[in-house]
Amino acid sequence: MHILFHSPDEDEKAWKEELESVFPGAQMRVWQPGDNGPADYALVWVPPKEMLAHRTDIKAIFNLGAGVDAILRYRDALPPGVPLIRISDAGMGIQMAEYATHAVLRYFRRFDEYETQARAGIWNELKPHVREEFPIGILGLGVLGQRIIKALQHFEFPINGWSRTPKEIPGVRCYSGKDGLDEFLSKSRVLICVLPLTPETTGILNERTLSKLPQGSYVINIARGPELIEEDLLHLLDKRHIMAATLDVFQQEPHPKGSRLWGHPRITKTPHIAALTMRSQTIRQIAEKMQAMERGEPVEGLVDFDKGY
Ligand SMILES: NC(=O)c1ccc[n+]([C@@H]2O[C@H](COP(=O)([O-])OP(=O)(O)OC[C@H]3O[C@@H](n4cnc5c(N)ncnc54)[C@H](OP(=O)(O)O)[C@@H]3O)[C@@H](O)[C@H]2O)c1
């Protein structure tokens, strides 16, 4: 079993050792330009175009992350008919839940404002937010969105969810499709975006949609930068229609020096770390899927090229 690997930011030696120990018989090699040797599977993160285009021998391509937007940008360079399989949770769900819960509680308990007050030497009790008036809206009800919901339900917030197709999730008011978006937004005081980046979701968080949120709302984007029009968010923050935002992802990463996003007192920023790929869990998941494929069984996480996720 020959496995091609390309993910330059990872410790390639550690991946090889662990993959080969979890999957006996597997031989992993780091792809180099001009590599035309045999390959059964490829494990990749943002692969160069020339890596996969001619690889008609390969049985599947595993994307080392939940989002496939980067690899689908080179869709025409992927070998036709070869399944593309994404990572499904593998330790990312709990990280997303931690991130989202931390941000929601920080705003709900007004800790962001207390931090500002403390730095200014101000001792002052603020009026608490009312839980029933603090509904959380989750954009994207897939693996990660549902994990976030599970975490937030412990704190008894009202929860709304929005997805492409209709869903029923206990304790969640579910909306779907373009027709359901405006009502979903108007009923959500905190907006958490965990949508995959597709042509349909690019720019989905813009002046028009964010204006549908109630006055004094909060925005948390932990999906992909191009889903948010940053200038529109800044404008709505200036108008205090949006009170504050927590952003893990940006149109340009890192966003340029001099951008208003850097110093903004009501934007909290992290450098695209909401959920990192966990090597051991990812390898175990991929090895199980490869073994299932070898037995001729179906596997979960197949990317639908037409939907884009
Ligand atoms: N910042 C980070 O560190 C980080 C880390 C990991 C992942 N991510 C991002 O998180 C995204 C979500 O991951 P996941 O595993 O939860 O994906 P997933 O299981 O495929 O779920 C995607 C959800 O989004 C919904 N959706 C997609 N397109 C839509 C549209 N046009 N309108 C309405 N809803 C739409 C889907 O609706 P249906 O249920 O109807 O299909 C589904 O509920 C990834 O694609 C990635 O970009 C970010």
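Bear in mind that the values in this text are calculations on the coordinates, not laboratory data. As the structure is a computational prediction, the values presented were derived from the model and not from experiment. Backbone-built Cβ (ideal geometry, glycine too); neighbour counts: all protein chains shown.
For the chain, the convex hull drawn through the C-alpha positions has a volume of 154 cubic angstrom per residue. Here is the list for the stretch 213-309: GluC sites (Glu not before Pro) lying in DSSP coil, each with at most 16 other C-beta atoms within 10 angstrom of its C-beta, are E300. Within the stretch 56-136, which chymotrypsin sites (Phe, Trp or Tyr not before Pro) sit in a loop by DSSP and count at most 14 neighbouring Cβ atoms inside 10 Å? Within the stretch 56-136, the qualifying chymotrypsin sites (Phe, Trp or Tyr not before Pro) (loop, at most 14 other Cβ atoms within 10 Å) are W123. Near K257, which lysines are there with a Cα under 26 Å away, not counting those fewer than 8 places off in the same chain? Excluding near neighbours in sequence, the set is K239, K269. Compute the label zone of Q117 within the stretch 128-150: residues whose backbone N is under 17 Å from the point 7 Å along Cα-to-Cβ. Correct set: 128-130. Counting only trypsin sites (Lys or Arg not before Pro) that sit in a DSSP loop (anything but H, G, I, E, B) with at most 13 other Cβ atoms within 10 Å, what is the longest stretch of the chain containing none of them? The answer is 110-238.
May I ask you to give the average projected area over all directions of the convex hull of the Cα atoms of the stretch 225-309, in nm² rounded to one decimal? List each step's numbers first, then the result.
Numbers: hull surface 32.9 nm².
That works out to 8.2 nm², a quarter of the Cα hull's surface.
Report the FRET efficiency, 1/(1 + (r/R0)^6), for R55 and L276, where r is their Cβ-Cβ distance and R0 is 25 Å, rounded to 0.05. Efficiency at R0 = 25 Å is approximately 0.35. Listed by chain and number, the lysines placed with their C-alpha closer than 16 angstrom to that of K187 are K178, K212; residues fewer than eight positions away on the same chain are left out.
Please report, in debye to the nearest 20, how large the charge dipole of the chain is about its Cα centre when each Lys and Arg carries +1 at its beta carbon and each Asp and Glu carries -1 there.
In debye, rounded to 20, the chain gives about 720.
Filter the GluC sites (Glu not before Pro) in the stretch 94-144 to those in DSSP coil with at most 10 other Cβ atoms within 10 Å of their Cβ, and list the result.
Sparse-neighbourhood loop GluC sites (Glu not before Pro): E125.
Helices of the chain meeting both criteria, an alpha-carbon length of 20 angstrom or more along the long axis and an average Kyte-Doolittle score not below 0.0, with helices taken as full DSSP H segments, are 92-108. A dipole drawn for the chain from +1 and -1 charges on Cβ atoms has a positive end, and of H129, G301, G142 the residue lying farthest that way is H129. Please state the shape class of the stretch 163-288: rounded when a/c is under 1.5, otherwise prolate if a/b exceeds b/c and oblate if not, all from the C-alpha gyration tensor. Verdict is oblate for the stretch 163-288. From the alpha carbon centroid of the stretch 104-168 to that of the stretch 266-306 is 27 Å.
Kirkwood radius, the stretch 152-217, all distinct C-alpha pairs, inverse of mean reciprocal distance: 12.7 Å.
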